[in-house]
Amino acid sequence: MQARAPPPPNPPPQGEGENLTESLVLLVPLLAAAVLSLVSDYRRSARINVAASFLSFLAALLLLADRPAAGQFFAVDDLNIVFILLNTFVGFTTSAFSASYVSHELETGRLAPSYLRFYHAMYQLMLFGMNLALIANNIGLMWVAVELATLTTVVMVGIYRTHEAIEAAWKYFILGSVGIALALFGTILVYLAARPVVGEGIDAMVWSVLITRARDFDPALLNIAFIFLLLGYGTKVGLAPMHAWLPDAHAEGPTPISAVLSGLLLNVALYALLRFKMLLAANPDAIAPGPLMIALGLISLIFAAFMLYRRRDIKRMFAYSSIEHMGITVFAFGMAGPLGNFAGLLQMTMHSLTKSAIFFSVGHVAQVKGTQRIAEMGGLTVTHPVLGWGLIAGVAAIAGLPPFGVFTSEFLVISSTFAREPLLAIMLVFGLLVAFGALFLRVASIAFGEPRGPTGPVTASYVPMFAHLALVLIAGIWLPGPLVAWFQHVAALLG
Amino acid sequence: MTHGFAFDVAHMLAGSLVLVSIAMLYQDRLYALINVLALHALVLAAAVGWQAYIQQAPHLYITAGIALGFKAIVIPMALRRMVFRLGIHREIETVVSIGLTMLAGIALVALSMMVMLPVTAHADPVAREDIALALSVVLIGLLMMVTRRNAVSQVAGFLSLENGVNLAATGAQGMPLVVEISVAFSILIAFIVIGIFLFRIRERFDTVDLQALDAFRGERQ
């Protein structure tokens, strides 16, 4: 919102700072993808997938301890390490969920073993793409990585090869590609703005160089670039009115992919947007990116909240809930300021953890019932108490009920908005209440009442789901001091 | 070699690309559309090649070569084969009438001039014109994707959009090679994916017309 003081003098990196810890987050998934494309036994490949995802998470933890210097292509700073940790953690837990999910899909014959080999290789390639986008210090490389992550998810959304899955993948592909093309155009414009100041060549695309020089850039060019970037990456964030791909892609793909789409890929696009927002904030003459983001965030929130009422498909419903939450997050980052950014970061983290936990339980529910239609599910707490109550806990968390972490973050967003723009806060609360009502209306019919649909036993792995919910619960009750300090520091960086 | 001449040729080539984009809008036969798409890539190759020459940036010749070999020859051939093999209807069904689409296309060109020229006043003239014209190509590509129902013509719209982005990338002097190569590669990947999808669509349905695909709007009652 406001022109920010220049960042601390950060010597522009010239040399190559690439070292081993940095490349581990990239090498592990890349190697795993190569190995998995050769393994045909699905049990073994599922295990390798889990192990590789766990190793990536360890590699991300290593980055905490040993942070390499920024280079021309890669950099780790306080902002992206939050995203990398979250990305690798949810990537790991989802791979554990995926292992139990796909074995059921094989039994029911929805997926052939040869497809699973492909699926696991693509899963790691997608993690590679997302990690690359997050760790990239080069806006061109970041763009390539986002495109790679998009293409791999497109293929996975279409993996069931049903009529609906193909339509969903096609829609996702076309809208995603258009978004990505617009983002590239915006990236080129940023380069054009940087060239007279930084000079020709690679340095004019290195983010850590750009941010130190951004205040001398041509503001008019930066403005137009940001519009393109907002539309382009905003499509990938799932902001209304560019969200059309999101519900289809979530509903028709395998559930582990729904979990990583909601929990991770939306964040990666948001991260790209935040990087460019920081560039604009560093330039005193450029437009304030805040109002644009606030407007798109509010539209997404209120639109998605109303759309929640008419959902008949359980995964589609939670996809709309993701649009709603990305709306809140973008809104919070648009409000900016230390409190707004802090709330945005917390909201994003909590949403990732909660929404993937919900998709874990929804995946098993849909497998038990053999359908995704809400009308054909019922009495889940009676027939499958653990699954049913897990789903209720997840929905309570995502709807923003205390004592879960989403309550904390939404409360922070609302209270910080009330202090500055009461009118916006009222709209925000309105959207949240509408969504709250819709979610409970639907979940009540799934969890309680007469048992409907098949009531067979479930072979689910509850650990990932409850691990996520436990984290969200702990965050709601007690945020550790170092984490708060860390997020506050990042919030200050975001301006 | 005066600066004026270099600029004139660059301007002419970029302008021709916009012209071919407009020409794409009124094609109502698939084969003709594919021919125009090939011409589009050919003009792009010439424009990029000229940029490589005046900027003395030899790596841009690679981009030009990719545009020429891959986008002007391989892709149109593959598309033509696909249309033939799949027995797709040769006529393109449009959503909006051609006259209106043309008017919208002209409006988009005017819009991009009005938006980009004042903004890039400080940039050097070659880059300035290139970016403005490239934006028109991008917008016309978008328009084409919106107004066509047929999957093949949507792909054509997307490729022309990518050509516009490519033109912008080469017009921005000294833009690092990383990006250009990756753009070319991503188009390759993108095209393979599209190809796979088209064949899958063929496997399951009897049409590549997206209207038929849209029968499923997500929520079955």
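The values are calculated or read from the model by the stated rules, or taken from the named source; none is laboratory data. Since this is a predicted model, take the numbers as computed values, not measurements. Here Cβ is always computed from backbone atoms with ideal geometry, including for glycine, and neighbour counts include all displayed protein chains. The area values use the complete protein model at the heavy-atom level, side chains included, leaving out ligands, DNA and RNA. Shrake-Rupley method; radii C 1.70, N 1.55, O 1.52, S 1.80 Å.
Table for the structure above
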quantity: Evaluation of A:Arg161 against (1) part of a helix (DSSP H, G or I); (2) within 10 Å of another protein chain (Cβ to nearest Cβ) (one fails), failing number; calculated: (1)
quantity: Among (1) under 28 Å from A:Val413 (Cβ atoms); (2) β-branched (Val, Ile, Thr); (3) crowded, with 24+ Cβ neighbours inside 10 Å, the one test that A:Ile392 misses; calculated: (3)
quantity: Some residue of the range B:130-137 being of a type in the set (A, V, I, L, M, F, W, C), open to solvent by 10 Å² or more (accessible area, probe 1.4 Å), within 23 Å of A:Gly232 (Cα to Cα) and at the interface with chain A (Cβ under 10 Å from one of its Cβ atoms); calculated: no
quantity: Candidates B:Phe191, B:Phe185, filtered to the one that is more than 7 Å from every other protein chain (Cβ to nearest Cβ), open to solvent by 10 Å² or more (accessible area, probe 1.4 Å), at pLDDT 55 or above and closer than 26 Å to A:Gly201 by Cβ; calculated: B:Phe185
quantity: Some residue of the range B:62-69 being farther than 22 Å from B:Asp130 by Cα and assigned to a helix (DSSP H, G or I); calculated: yes
quantity: Test: residue in the range A:123-139 that is over 19 Å from B:Val119 (Cα atoms), facing chain B (nearest Cβ under 8 Å) and hydroxyl-bearing (Ser, Thr, Tyr); calculated: no
quantity: A:Leu231, sole failed condition from (1) outside any helix (DSSP H, G or I); (2) at pLDDT 90 or above; (3) open to solvent by 30 Å² or more (accessible area, probe 1.4 Å); (4) not polar (S, T, N, Q); calculated: (1)
quantity: Extreme residue, most open to solvent (accessible area, probe 1.4 Å), among residues of the range A:201-218 that are within 13 Å of chain B (Cβ to nearest Cβ) and small (Gly, Ala, Ser); calculated: A:Gly201
quantity: Sole residue being under 13 Å from the mean Cα position of the chain (by Cα) and at pLDDT 85 or above, chosen from B:Val48, B:Val43; calculated: B:Val43
quantity: Members of the range A:61-111 that are free of Cβ contacts under 8 Å to residues at least 60 places away in the same chain, crowded, with 17+ Cβ neighbours inside 10 Å and assigned to a helix (DSSP H, G or I); calculated: A:Leu63, A:Ile81, A:Ile84, A:Leu85, A:Phe89, A:Phe92
quantity: Answer residue from the range B:140-158, given it is within 10 Å of another protein chain (Cβ to nearest Cβ) and farther than 19 Å from B:Ser97 by Cβ and is modelled with the lowest pLDDT among those; calculated: B:Ala151
quantity: Residues within the range A:160-190 that are among the aliphatic types (A, V, I, L, M), surrounded by fewer than 24 Cβ atoms within 10 Å (Cβ to Cβ) and touching a Phe, Trp or Tyr at 6+ places or on another chain (Cβ under 6 Å), tallied; calculated: 1
